[in-house]
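Comments concern the structure below.
The values are calculated or read from the model by the stated rules, or taken from the named source; none is laboratory data. What you see is a predicted model, and the numbers here were worked out from it, not measured in a lab. Here the Cβ positions follow ideal geometry from the backbone for every residue, glycine too, while neighbour counts run over all protein chains shown.
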Amino acid sequence: MLTKKKTKLPIEALINHLKEYKDAVIVLGPDIIKDTVYCEINEGTYDSYNRKLMIKEPNKFWNFYVSKVMMPMAATNKMTVQINKLIDMNIHSCILDTNIVKTVRDDDKRDDLISPNGKNNILECVKCHKHLEAHKMVNDLTEIQKPLKCECGGNIKPTVLYHGEKYNMNIYKAVKDAIFTEENGKPELVTHTLIFIGVDFTDSLVSELIDSYDALKDDNHYTVIVTDKLSREDIYYYNPEFGVTDDIDAAIKRLIDIIK
Ligand SMILES: [Zn+2]
């Protein structure tokens, strides 16, 4: 891919842009909860956490879920505190949280939040899509002997995806709709700013978003990357207008102070 030649923009350009459009999509990644001990869903968890086990051996499945996947329910640290303050600035249209642990305040009550990988405190009926709060059902879950059913007759499953499970179609569509639209078969952007905070760029959804956004954006669309992991050279591979390699909480705090 060719790199576009750009002159360095001042931070004021970003602030004015955020205030003018108020339609940023904020993408949150695992580095904002790296000090939290939680169970990452990967090949190693597959034998204990999969659909077949949920149906055949529900007791084993739900006990693993309660003791490993569900805990801890929330992460609170310097970074999540600043991110919640940034969200309060109302410069966004959507928050895309790739973490399974709760990081955003009132996560189950917000309509500006999409969690493509699911949330470890939320279960869902596959039929009527009703949500249930897992932490309020701990005793029932650990004693379960039969597959968990909703009053509508549908199966209840965790919203946290199993390793290798595809994104829920509705959620995948919501993610796309927050960023892209199609006019006469031609893709266009609906957000003027994509802000990546502590994300893992090897995550397939994240890399798809940043590449597609980069391919479509013009001078009026900004990509912002905040990371404490990548070097400046690594960041510029992704062609952001603004890239910060610093402590995440300090970087966001500076941004908030200028927006105010
Ligand atoms: Zn149901």
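Descriptive notes on the structure:
- For the stretch 116-133, a residue qualifies if it is surrounded by 18 or more Cβ atoms within 10 Å (Cβ to Cβ), outside any strand (DSSP E or B) and either touching a Lys or Arg at 6+ places or on another chain (Cβ under 9 Å) or without any contact (Cβ under 8 Å) to a residue 12 or more places away in the chain (or both), and the qualifying residues are K119, N120, N121.
- Residue under evaluation N184, criteria (1) outside the structural domain of K102 (by TED's automatic domain parsing); (2) of a type in the set (S, T, N, Q); (3) more than 14 Å from the ligand (Cβ to nearest atom), criterion not met: (1)
- Residue within the stretch 58-67 that is of a type in the set (K, R) and either touching a Lys or Arg at 6+ places or on another chain (Cβ under 8 Å) or part of a loop (DSSP other than H, G, I, E, B) (or both) present: no
- Residue that is more than 16 Å from the ligand (Cβ to nearest atom), modelled with pLDDT of 95 or more and within 20 Å of the chain's Cα centre (by Cα), where the choices are T202, T193: T193
- Only listed residue being out of contact with any Gly (no Cβ under 6 Å at 6 or more places or on another chain), closer than 26 Å to H135 by Cβ, assigned by TED's automatic domain parsing to the domain that holds V224 and not in a helix (DSSP H, G or I), chosen from L9, L96: L96
- Residues (surrounded by 16 or more Cβ atoms within 10 Å (Cβ to Cβ) and not in a strand (DSSP E or B)) located in the stretch 182-191: T191
- Identity of the residue in the stretch 134-161, free of Cβ contacts under 8 Å to residues at least 12 places away in the same chain and within 11 Å of the ligand (Cβ to nearest atom), that ends up nearest to the chain's Cα centre (by Cα): K149
- Of all residues in the stretch 217-239 being modelled with pLDDT of 95 or more and among the hydrophobic types (A, V, I, L, M, F, W, C), the one that is surrounded by the most Cβ atoms within 10 Å (Cβ to Cβ): V226
- For the stretch 79-90, the criterion of being of a type in the set (V, I, T), within 18 Å of K176 (Cβ to Cβ) and out of contact with any helix residue (DSSP H, G or I) (no Cβ under 6 Å at 6 or more places or on another chain) is satisfied by no residue at all.
- Here is the figure for the stretch 24-57: residues that are within 29 Å of K149 (Cβ to Cβ), assigned to a helix (DSSP H, G or I) and free of Cβ contacts under 8 Å to residues at least 60 places away in the same chain total 3.
- Within the stretch 160-182, the set of residues being farther than 23 Å from H92 by Cβ and either at pLDDT below 95 or of a type outside the set (A, V, I, L, M, F, W, C) (or both) comprises Y162, H163, G164, E165, K166, M169.
- I83 being part of a helix (DSSP H, G or I) and within 13 Å of the chain's Cα centre (by Cα): yes
- If you go through the stretch 76-111 and keep only what is on the phi < 0 side of the Ramachandran plot and either within 16 Å of the ligand (Cβ to nearest atom) or free of Cβ contacts under 8 Å to residues at least 24 places away in the same chain (or both), you end up with T76, N84, D88, R105, D107, K109, R110, D111.
- Unique residue being in the same structural domain as H135 (by TED's automatic domain parsing), at pLDDT 95 or above and either surrounded by 15 or more Cβ atoms within 10 Å (Cβ to Cβ) or acidic (D, E) (or both) when the list is L53, L28: L53
- Residue in the stretch 63-74 that is out of contact with any Pro (no Cβ under 7 Å at 6 or more places or on another chain), loosely packed, with under 13 Cβ neighbours inside 10 Å and not polar (S, T, N, Q) present: no
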